[in-house]
1. Can you give the net charge of the other residues whose Cβ lies under 13 Å from the Cβ of A187, counting K and R as +1 and D and E as -1?
2. Given springs between every Cα pair under 10 Å in a Gaussian network model of the chain, which of A181, A196, A210 has the largest fluctuation?
3. Between W30 and L114, what length comes free when the chain is fully extended (0.36 nm per residue of separation minus the Cα-Cα distance, one decimal in nm)?
4. Compare R49, R94, R79 in a GNM of the chain, Cα atoms joined below 10 Å, and give the one with the largest fluctuation.
5. Could you work out which residue, out of S229, S206, S316, moves most in a Gaussian network model of the chain, that is, has the largest mean-square fluctuation with Cα springs under 10 Å?
6. For segment 16-323: lysine pairs with Cα atoms under 27 Å, gap of 8 or more or different chains, count?
7. Okay, helix-only estimate at 222 nm for the chain: each DSSP H run of n ≥ 4 adds -39500 (n - 2.57), divide by all residues, round to 500 deg cm²/dmol; what do you get?
8. Could you order peptides 214-222, 258-266, 11-19 by the average number of other Cβ atoms within 10 Å of their residues, highest first?
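Throughout, read-outs are computed from the coordinates displayed, never taken from laboratory work. Treat the numbers as computed from the prediction; the structure is a model and nothing was measured. Cβ sites come from the backbone with ideal geometry, for glycine too, and all protein chains shown count toward neighbours.
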Amino acid sequence: MDIEGLIRALPKVEQHIHIVGATRPETLLWLLDEEGKSHKSFKTVADIRRFFQYRDFPHFINIYKTVFRCITREDQFERITYEMLEDDARCNVRYVEASFSAPDHVRQGLDYALMLDAINEGVRQAHQDFGIECNLRIDLVRNYGPDVGVQVLDWIENKNDNIVSIDIGGSEEKFPPKPFACVYQRAKEMGLHLVAHAGEAAGPESVWDAINHLNVERIGHGVTASRDSELVDYLLKRDVTIEMCPTSNLRTGAVPSLQEHPIRTFFDKGIRVTVNTDDPSMFNTNMNNEYLQLHQQLNFGIPELFMLSLNALDSSFLSETQKVQMRKSFIKEYRRLTGALCNL
Ligand SMILES: [Zn+2]
C-alpha cells in the first residue's frame, strides 16, 4: 500500500469540527433554494468555493455568519450533521466531537431543543450507516458575552443529549477568555469538559488566560503559543492538549505557510497535539488531506501520524472504557496495515 493509501486507511478521531463549517457546498445551495433565496452569485459549487476565499480571520468570520444564516429551519441540521459524519467516515474517522454554536441559531429564531433533536437524528443515522460515533461540544460564541454563556448552560441543563463539553469560538481578538471564568466554573460543576479556542487570532496571552482563568483541558488552535517558550513549557507541564487545524490556519492567515505551522515543534516537544479540519467545507479539506499535508509539508511519518490519532483518542471526552476499547481496535488495525510489530 502506498503512503496515501495508508493515510486513508489509518483509523482517526476528529476533536475539532464545526457543524456549520462542514456544510457541503451542494447543501448550501439546497439551503438557499429551500428558502427561495437563490442568489445570482451562487448558482454552482464553484461559486461557493470562490466565496470561501478569505483575506484574514475577521473576513472568515463574516463569511461564516453568512453561511449560518442560511440555516432557517431546525430540521435542516439533520442533513448537515449526517453529511458531516459521512465525510468524516470516508476518511476512516471513527469518533467525532462536533462543535455546535447554538446561540448563533437561537438568535435567528430557531429552537435549541429542536435543533439538538435534528442533530442527534443525523448522528443516529450516520452511526447506523457508517458505524461512526459522535458527541457534541457547545460553543458559547464569545461575541455574545458571558451572560449568553450562562443562558446556554441553562439550555444544556434542560437538554443534554450527548453534550460532553463547552467551548468559546468567535472573534478572539475582541473578546478575550477571562470574563467567561464563572461560566466555565459552573460548566465544570455540571460535569462538562472544558475547551476554548485560543491562540488563533490573538497572541499567547489569550492561551495563558484560557488555561489560567477557564481551566481548560484542551485548546483549539493554540498557534500563537509558539511565540512564547515559557507558555510552550507550561502547556507541556499542565498536560493541555492542542487541537490543531493546519489548513484552517493557512486559509485564515494564522500561519504564512504549512511549513511554518507549529504542530511539528509542539509534537517534537512532547505536547499532546491532535489534527483536525475545523470547517472542512469552508476550507476545502478533510481529515485525509490534513494527514497528507503533515506528511508532505512537515515530514510526519506514518507512525507519527498514527500517534496523532491516538493523541486525539486519549484526550477525547469518551469514557475510559470506550477509550480502552477503541484504542485496542486502532492498534490492531495499525498493525494489520503496517504489518509491523507495534509497541505503542
Ligand atoms: Zn474552530
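1. Counting the neighbours of A187, the net charge comes to -3.
2. Result: A181 has the largest fluctuation of those listed.
3. On the way: separation 84, 0.36 × 84 = 30.24 nm, distance 2.04 nm.
That pair, W30 and L114, stretches by 28.2 nm at full extension.
4. Evaluated over the chain, the most mobile residue of the options is R49.
5. Most flexible of the set in this elastic network: S229.
6. Lysine pairs meeting the criterion: 17.
7. On the way: 16 runs with 175 residues, N = 344.
Roughly -15500 deg cm²/dmol at 222 nm, from the helical runs in the chain.
8. Details: 214-222: 24.8, 258-266: 19.2, 11-19: 26.6.
Packing proxy ranking, top to bottom: 11-19, 214-222, 258-266.
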